[in-house]
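Okay, so here's the structure we're looking at.
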Amino acid sequence: MVRGALRGGRPMRGGIRPPFKKTFVPRHPFDLTLAEVFFPKVPLAGTVDDSALTAALLKRNQDLSPTPSEQTAIGNLVTKVQAVLDNLVVAPGDLTTCQLEEVRQVGSFKKGTILTGNNVADVVVILKTLPTKESVDALAKKVEADLKASMKTEVLTKGDQHTVQIHERGFDIANVHAKVRILIATLPQNLRKLEPEIHLDHKLMQSHLAAIRHTRWFEENAHHSSIKVLIRILKDLTRRFDAFAPLSAWMLDLIAHLAIMNNPSRQALPINLAFRRVFQLLSAGLFLPGSAGITDPTEPGHIRVHTAMTLEQQDVCCYTSQTLLRVLAHGGYKHILGLEGNTSIVREMSVWNGVCVSPLTAVYEKPTDKKEGDLEEDIEMIENENEDDGSDDGAE
């Protein structure tokens, strides 16, 4: 029989079929806000009063916001450091080991989502030249010298004295009250020229450039005050609940923007509804394998931000959100926000108005028969082969 022919001698149209190739079809989790048209609410004798939750959210935001003195301290230091760096872009003087292309503020301070007690501002310095470790040392010394020269007429207390500390991302300039992190990057065309033994880490350079794109996108799309309030509250949750610790600052920015702005009316949702919606989305599997998740708007291709988390982290985040959503539904918002109690509600059974809420447990089990380093055969891996790897916002 001729290859490619059917029984009876009739040739198969097109010859042999290629082997079947799996394709990744992302699923959108159920979103009650978007589906409200198809699932109208049942009229109740009395409407749900969320004024107490709204007041608690605003109070928690006020507690988490930096004090005026903290804002002043970090703002003054950022202004002085920015002025020195801007001057080096125009007139480098005796700085010959590197050339500065651009200076950009990034991170939580620039976005207006900084937390009290974390008086740190991030500034990305893009070099025209390749970022060698020696050039970073020279730049740090130059900035320190110029900063002292610009403040020589000021009367400084001991707490206002600046210190410089060099690290793998760049260097820090700090006093007792605040700190500015100088994050070194280089021009995109220089990234392929970096050598690990001589230059700063390639992935760190990419993350610093990504931080610039993230901040630019945030200023253009997420400047609403309610988004900043929700981000500040979500950041506090990542500090208190271990299940949410893998969520990066960039993920929090995107999910807060989604929860508040992505609705049929295209108007900002009230903070109480947006807060509930975050837990509803995470509980429905927004950050689970196979979910469409949230596509990074600053990266080419269709990179879903939650794929930076391991499968175990995605599972823990989901079932913890489900537990907290049940607690929230029965009035336990003060424990979630940290106004009362502690985080034991996700580990131990709790009772709310006569309703017992038992914490959920893990569903995902890590395969034990695979060697360490092998890729996990999961639907997460069946992506388009031409997609580039996404970069985390490591500057925050």
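The values are calculated or read from the model by the stated rules, or taken from the named source; none is laboratory data. Here the structure is a predicted model, which is why all the values come from computation and not from measurement. Neighbour counts run over all protein chains shown; Cβ positions are idealised from the backbone, glycine included. Just so you know, the surface numbers come from the protein's heavy atoms only, side chains and all, with ligands and any DNA or RNA stripped out. Shrake-Rupley method; radii C 1.70, N 1.55, O 1.52, S 1.80 Å.
Annotations for the structure displayed:
- A cut-off under 13 angstrom between Cβ atoms defines the neighbours of residue 294, and their net charge, with Lys, Arg +1 and Asp, Glu -1, is -3.
- Using a probe radius of 1.4 angstrom, the carbon and sulfur fraction of the accessible surface of segment 210-325 is 52%.
- Bins of 5 Å from zero: percent of alpha-carbon pairs in segment 230-292: 4, 18, 27, 29, 15, 6, 1
- Surrounding net charge for residue 85, when Lys and Arg each add one and Asp and Glu each subtract one, Cβ distance under 13 Å: -2
- Inter-centroid distance (Cα atoms) of segment 105-147 relative to segment 328-350, Å: 38 Å
- Taking all protein chains as shown and a probe of 1.4 angstrom, residue 261 keeps an accessible surface of around 50 Å².
- Neighbour-limited loop hits for GluC sites (Glu not before Pro), segment 197-251 (at most 13 other Cβ within 10 Å; DSSP other than H, G, I, E, B): 197
- Too-long pairs where the Cα-Cα distance tops 20 Å, listed order kept, from 141/193; 80/152; 142/179; 111/203: 141/193; 111/203
- Solvent exposure of segment 137-213 as accessible area per residue, Å², 1.4 Å probe: 55 Å²
- Remark: relative contact order (segment 157-199) = 26 percent; criterion is Cα-Cα distance under 8 angstrom and separation of 6 or more residues.
- Both the radius of gyration and Dmax for segment 28-131 are 23.5, 76 Å, in that order, over alpha-carbon atoms.
- Relative contact order (percent, whole number), segment 58-207, Cα cutoff 8 Å, 6+ residue spacing: 25 percent
- Loop trypsin sites (Lys or Arg not before Pro), segment 237-310 (other Cβ atoms within 10 Å of the site Cβ: 16 or fewer; DSSP): 266
- Loop-located chymotrypsin sites (Phe, Trp or Tyr not before Pro) in segment 285-333, at most 13 other Cβ atoms within 10 Å (DSSP): none
- With 5 Å bins from 0: P(r) over segment 191-241, alpha-carbon pairs, percent: 4, 16, 15, 14, 16, 13, 8, 10, 3, 0
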